[in-house]
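The values are calculated or read from the model by the stated rules, or taken from the named source; none is laboratory data. None of the values given here were measured: they were computed from a predicted structure. Methodologically, a virtual Cβ is constructed for each residue, glycine included, from the backbone with ideal geometry; neighbour enumeration extends over all protein chains shown. Ligands, DNA and RNA are stripped out before the accessible areas are found, and what is left, the full protein with its side chains, is counted by its heavy atoms. Shrake-Rupley method; radii C 1.70, N 1.55, O 1.52, S 1.80 Å.
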Amino acid sequence: MADVLVVDDERSLREFLEILLAREGHKVTVAEDAVSGIAKLKAADFDLVLTDLKLPQGSGMDVLRHVTESGADAQVILMTAFATTENAVEAMRLGAYDYVIKPFKVDELKVVIERALERKQLRRENTQLRETLDAHRAQNRLIGSSEAMREVFEMVRKVSGAKTNVLLTGESGTGKELVARAIHNRGPRAASPFVPINCGAIPENLIESELFGHVKGAFTGASQDKMGLFEQAEDGTVFLDEIGELPLHMQVRLLRVLQERTVRRVGGMKDTSIESRIIAATNRDLAEEVREGRFREDLYFRLNVIQIRLPALRERHADIPLLARAFLAKFAEEQASDVTDIDDGAMAALVQHAWPGNVRELENAIERAVTLASGPVLDLSDLPQAVAQAAGPRTRPRVERVEIPEDGVKLEEILESLERGYLEEALSRTEGKKKRAAALLGLSFRSFRYRVAKLGITAEDGDGDGDGDGN
Ligand SMILES: Nc1ncnc2c1ncn2[C@@H]1O[C@H](COP(=O)(O)OP(=O)(O)OP(=O)(O)O)[C@@H](O)[C@H]1O
Ligand SMILES: [Mg+2]
């Protein structure tokens with residue numbers, strides 16, 4: 001059963017459609033001109049609108065335009081006399097679902113209606129699906145069993161009941177926002193708003209009005225009073241994300257607010273007391289920022305009453321299998337995929353990878369793997385190359401960070417000395433057995449011998465495995 005609106009000035013056609021649609025089980029409303037059609041649309045929700053193109057007091061285009069502009073999600077079918085098919089095509093471009101040419105065959109009309117309603121249904125299902133997924137996402141659980149994460153959970157538990165300011169630190173993707181939400185959700189403020197603000201993402205000239213609001217006319221463009229985030233949060237939580245990005249003059253303003261626990265809107269005269277709790281987060285080293293003069297020490301002390309440091313993922317390899325499986329389950333469900341497991345080789349690679357992007361990077365890698373997987377069990381070939389390479393004994397050592405001094409470096413010399421180091425170490429480890437040394441370095445014997453000669457490394461011949469022409 002669908003709610004259908006029929007707009008046509010021809011009475012016989014209105015009645016005909018009313019009977020036809022009612023017989024199909026739909027609920028029908030009729031209107032005889034554009035203005036009353038639009039009035040009906042304003043008064044109720046419809047699944048489908050069948051409208052004549054030529055109408056008294058406007059046209060079917062006005063009806064269509066009303067539907068698309070009001071964001072109503074009714075499907076619109078235009079009915080038009082042959083002479084005006086061009087307009088009908090234009091209407092499709094403007095978002096009509098289809099058009100039928102008068103006089104139409106009943107069967108033809110029925111098919112068009114049926115398809116339009118099917119599409120409507122599909123849309124609704126998609127929206128519902130998305131909402132369910134969002135809800136799942138929102139209650140994202142904090143996962144971890146490592147000692148480091150247990151300490152984090154313990155802290156979350158302890159601070160969630162208090163009103164103290166909390167500072168969350170840790171690299172990007174370690175879960176700072178998730179922890180902030182957990183603190184909020186587990187505490188007495190759970191029913192009040194959690195208001196996040198990314199201090200690094202708001203243009204400098206707008207931060208103040210975002211945080212504290214403004215009154216009408218406070219500056220050009222302030223066309224009406226606006227509530228700031230502190231007021232919006234009521235007695236909930238304000239989450240100041242990327243606090244290290246806050247410009248110095250705003251740090252001064254924020255400090256005053258935290259000290260006095262009142263805010264005043266930009267251009268306003270009245271102070272409003274704030275009840276919300278403050279949780280701040282940063283991936284910078286704020287103490288260092290203070291030393292460098294980029295962050296105010298007094299504000300730092302005020303925010304840093306309790307600090308929770310989120311360990312990097314590479315400091316808690318033990319959590320990786322748990323996280324990987326949880327993400328696998330999540331994405332398999334979201335994508336209606338039949339991937340159910342991760343094989344040992346892939347898991348080993350996941351555990352060994354250094355994860356510079358931390359949990360977020362792991363989450364993305366699993367999402368990608370689930371999408372690309374060729375079978376029900378993820379293997380090495382499903383992982384991003386950088387991760388897959390972490391597996392196995394042949395891993396290149398990770399150069400965590402290179403430094404290039406002001407006056408540059410000589411790359412050839414650096415590489416040569418690295419090469420020499422590896423060659424000599426391999427030879428000494430194999431007691432001069434060149435074939436084994438070559439294998440240890442993943443080189444052919446020929447290439448190994450060439451490199452040794454090139455660098456003038458003198459190796460005592462190991463027993464037995466000589467200088468024969470290895471491969
Ligand atoms: N312990 C965890 N358990 C489950 N999911 C986690 C965990 N930690 C992080 N995540 C997930 O990893 C992603 C990144 O987490 P979050 O956004 O909280 O990181 P962040 O520290 O705020 O990063 P950034 O500094 O880049 O903003 C999110 O999708 C989050 O759900
Ligand atoms: Mg974040």
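Within region 264-282, restricting attention to residues that are in a loop (DSSP other than H, G, I, E, B) and surrounded by 21 or more Cβ atoms within 10 Å (Cβ to Cβ), the residue that is farthest from ligand 1 (Cβ to nearest atom) is ARG265.
Could you please find all residues in region 318-332 being more than 15 Å from ASP379 (Cα to Cα) and in contact (Cβ under 8 Å) with a residue 40 or more places away in the chain? Listed by number, the residues that qualify are ALA318, ASP319, ILE320, LEU322, LEU323, ALA326, PHE327, LYS330, PHE331.
Checking each residue in region 206-226 for being in contact with a strand residue (DSSP E or B) (Cβ under 6 Å, 6 or more places away or on another chain), open to solvent by 40 Å² or more (accessible area, probe 1.4 Å) and farther than 8 Å from ARG265 by Cβ picks out only GLU208.
Residues that are of a type in the set (Ser, Thr, Tyr) and over 25 Å from the mean Cα position of the chain (by Cα) within region 208-248 comprise SER209, THR220, SER223, listed in sequence order. The set of residues in region 327-347 being among the hydrophobic types (A, V, I, L, M, F, W, C) and surrounded by fewer than 16 Cβ atoms within 10 Å (Cβ to Cβ) consists of ALA329, ALA336. Reported count of residues in region 362-373, each being farther than 14 Å from ALA329 by Cβ and surrounded by fewer than 19 Cβ atoms within 10 Å (Cβ to Cβ), is 4. Among the conditions (1) open to solvent by less than 60 Å² (accessible area, probe 1.4 Å); (2) among the hydrophobic types (A, V, I, L, M, F, W, C); (3) at pLDDT below 85, LEU122 misses just one, which is (1).
The residues on offer are LYS27, LYS42, LYS54, and the sole one that is within 18 Å of ILE113 (Cα to Cα), among the basic types (Lys, Arg) and either in the same structural domain as LYS110 (by TED's automatic domain parsing) or free of Cβ contacts under 8 Å to residues at least 12 places away in the same chain (or both) is LYS27. Filter region 1-34 for residues that are part of a loop (DSSP other than H, G, I, E, B) and closer than 10 Å to ASP52 by Cα and give the result. Scanning region 1-34 gives ASP8, ASP9, GLU10, GLU32, ASP33. Would you check if GLU18 is in the same structural domain as LEU109 (by TED's automatic domain parsing) and over 14 Å from ILE113 (Cβ atoms)? Judged against the criteria, GLU18 is not a match.
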